[in-house]
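Below you'll find the structure, written out as structure tokens, and then a few comments.
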Amino acid sequence: MAWRGWAQRGWGCGQAWAVSVDGRSCEELTAALAPQRLLGRRFNFFIQQKCGFRKAPRKVEPRRSDTGTSGEAYRRSALIPPVEETVFYPSPYPIRSLIKPLFFTVGFTGCAFGSAAIWQYESLKSRVQSYFDGIKADWLDSIRPQKEGDFRKEINKWWNNLSDGQRTVTGIIAANVLVFCLWRVPSLQRTMIRYFTSNPASKVLCSPMLLSTFSHFSLFHMAANMYVLWSFSSSIVNILGQEQFMALYLSAGVISNFVSYVGKVATGRYGPSLGASGAIMTVLAAVCTKIPEGRLAIIFLPMFTFTAGNALKAIIAMDTAGMILGWKFFDHAAHLGGALFGIWYVTYGHELIWKNREPLVKIWHEIRTNGPKKGGGTK
């Protein structure tokens, strides 16, 4: 056949170009070749593509949270919201999806400990004033007529009877309860899955690393985590102090989620994670490392006790086995990352990070004492 030229069907936007072969249009040529079965369907398909110069676009299928047995495992777990209909779009280059979370982890950890150092400075500075205010308040209470059955007085009495650690974690527990209630609002389900579950295949990567630390879908999951946090709160605050503990807890939540990201990308098992378990594992590991001879017991089996050191070894062994064998009921990578961070921090991190906060505190002291310097003046 000879190609005689081009026939334009129109010059307007959206108009198509067609090819004329031996004076016949593409439709006529295709109809003439249809009875001939020597070349079959392949030749017709070839002619149709040549006539229209069209190439079928490649469709990129979105990837769900997980497939096959992994997806079934997530649906069976009562700790994770029902996300089988949620569509995620994993990056074609998975390693690149870890760059932003890595920078966020490093930056957030530095900001958390820097803020904790400034918080401690302000607390020490106001402690003297609080002491005199307390003396004044006690004197006023002694001359003020007391009200019987005052609800506010009972609350203050309960609050003052708590340890420093228990008062510190009360705000954390309240935040977890609030987020748990938000999960019960049907209109917020998409928002909660987007921002309060961490998944390296999600479009939002950084903020869920922190927000998912306060997120629980199951009441039992939240109750168990908050009970462990309440139980270890007094010990960890006595070891680190209120300010350092808060920096450690928030940083541990982000770091454990980053380790979870790495594990999911390495294995290709994408799926949502949520809960405070990674941060609580950091607290538990720090206490068990500092007090290895302490006696612990399981809440449902109080008659069986064991040392804190042995408990930590068993937890690390179980989470390591869970990662290797691919158990999916818990996020074992996040648990293991949190535990290792807790061990590292009380062993080396406290010396490397917290004891080197003096330059930052001096800068803050200069700002608070002298105020911002005014430009334009002469010395």
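The values are calculated or read from the model by the stated rules, or taken from the named source; none is laboratory data. This is a predicted model, so every value here is computed, not measured. All Cβ positions, even for glycine, are placed from backbone atoms using ideal geometry, and neighbour counts span all protein chains on display. We work out accessible area using only protein heavy atoms, side chains counted, and drop any ligands, DNA or RNA first. Shrake-Rupley method; radii C 1.70, N 1.55, O 1.52, S 1.80 Å.
Annotations
- Sulfur and carbon atoms: percent of accessible area, segment 238-281 [1.4 Å]: 55 percent
- Loop chymotrypsin sites (Phe, Trp or Tyr not before Pro), segment 249-336 (other Cβ atoms within 10 Å of the site Cβ: 15 or fewer; DSSP): Phe300, Trp327, Phe329
- For segment 270-379: rounded, prolate or oblate by the Cα gyration tensor [a/c cutoff 1.5]: prolate
- The simple Förster model, with R0 at 35 Å and r as the Cβ-Cβ distance, assigns Leu102 and Glu122 a FRET efficiency of 0.70.
- Average accessible area per residue (Å²) across segment 207-339 - probe 1.4 Å, nucleic acids and ligands excluded: 40 Å²
- Note, ³J(HN,Hα) from phi for segment 103-116, Karplus 6.51, -1.76, 1.60, rounded to Hz, x at Gly and Pro: 5, 5, 4, 5, x, 5, 4, x, 5, 5, 6, x, 5, 5
- Förster-model FRET efficiency, 25 Å R0, Trp327 and Ile299, C-beta, rounded to 0.05: 0.65
- Pairs from the list Lys290/Lys313; Lys125/Lys362; Lys100/Lys362 with a Cα-Cα gap above 23 Å: Lys100/Lys362.
- Accessible surface comparison of Asp319, Asp331, probe 1.4 Å, protein chains only, largest first: the order is Asp331, Asp319.
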